[in-house]
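Novice: Take this structure first; my questions come after.
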Amino acid sequence: MGQLDRQRPDVSVSAGQLVDVKVPGGTITENGLRLNVSVGIQYIESWMRGTGAAAINNLMEDVATAEISRSQVWQWVRHASRLTEGPAVEPDLVREIADDEMSKIRERLGDEGWKKSRFTEARKAFEDVALSQEFQPFLTLVAKKYID
């Protein structure tokens, strides 16, 4: 039995409900924003070096995780969502957090590791997809421009 055979006449959803990003009782924290920025950039950097799955924060992440990370950031910026700590999620805040996260990564890698990395390009690609006016369908198509 396929999904088409399982109609749900009891469910009625409006177009507005489909694009509503508010989650009842849900909050957006600075830590959540920071995690999305960090994981997104780290995965893109790994992908740019030819690795399809990457160990980040002791978890194996793939492109789906990076897509979720950048999509959440894009939605939060687009809707000027507020962090529980108060500030609105704006491009400048995302860039400030990216600066912090890049510093942490650079410190962890050291100068030699940093020189061999693609973090500068990965950050540009992440910001291209997370801070763009229009939602970009696939982050890898944008990131690809930085490695060709």
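Novice: For residues that are in a helix (DSSP H, G or I) and surrounded by fewer than 18 Cβ atoms within 10 Å (Cβ to Cβ), scanning just segment 70-90, find the one that is farthest from the chain's Cα centre (by Cα).
Specialist: That would be Arg78.
Novice: Hey, can you tell me all the residues within segment 1-47 that are hydroxyl-bearing (Ser, Thr, Tyr), part of a loop (DSSP other than H, G, I, E, B) and either more than 23 Å from Ser81 (Cβ to Cβ) or at pLDDT below 80 (or both)?
Specialist: The initial filter retains those residues of segment 1-47 that are hydroxyl-bearing (Ser, Thr, Tyr), namely 12, 14, 27, 29, 38, 43, 46.
With the extra rule that they be part of a loop (DSSP other than H, G, I, E, B), the set shrinks to 12, 14, 27, 29.
Within segment 1-47, just Ser12 meets the criteria.
Novice: Given the residues Glu107, Glu67, Glu127, Glu101, which is the only one that is part of a helix (DSSP H, G or I), farther than 17 Å from Asn31 by Cβ, of a type in the set (Asp, Glu) and more than 13 Å from the chain's Cα centre (by Cα)? Working first, answer last.
Specialist: Values: Glu67 fails: more than 13 Å from the chain's Cα centre (by Cα); Glu127 fails: more than 13 Å from the chain's Cα centre (by Cα); Glu101 fails: farther than 17 Å from Asn31 by Cβ.
Just one listed residue meets the conditions, Glu107.
Novice: Now, a different point. Among residues belonging to segment 91-146 that are open to solvent by 60 Å² or more (accessible area, probe 1.4 Å) and among the aliphatic types (A, V, I, L, M), point out the one that is modelled with the highest pLDDT.
Specialist: Result: Leu109.
The values are calculated or read from the model by the stated rules, or taken from the named source; none is laboratory data. Every value quoted in this text rests on a predicted model; they were computed, and no experiment measured them. Don't worry about glycine lacking a Cβ; one is built from the backbone with ideal geometry, like all the others, and counts go over all protein chains shown. Side chains are part of the model used for accessible areas, which takes the heavy atoms of the whole protein and leaves out ligands, DNA and RNA. Shrake-Rupley method; radii C 1.70, N 1.55, O 1.52, S 1.80 Å.
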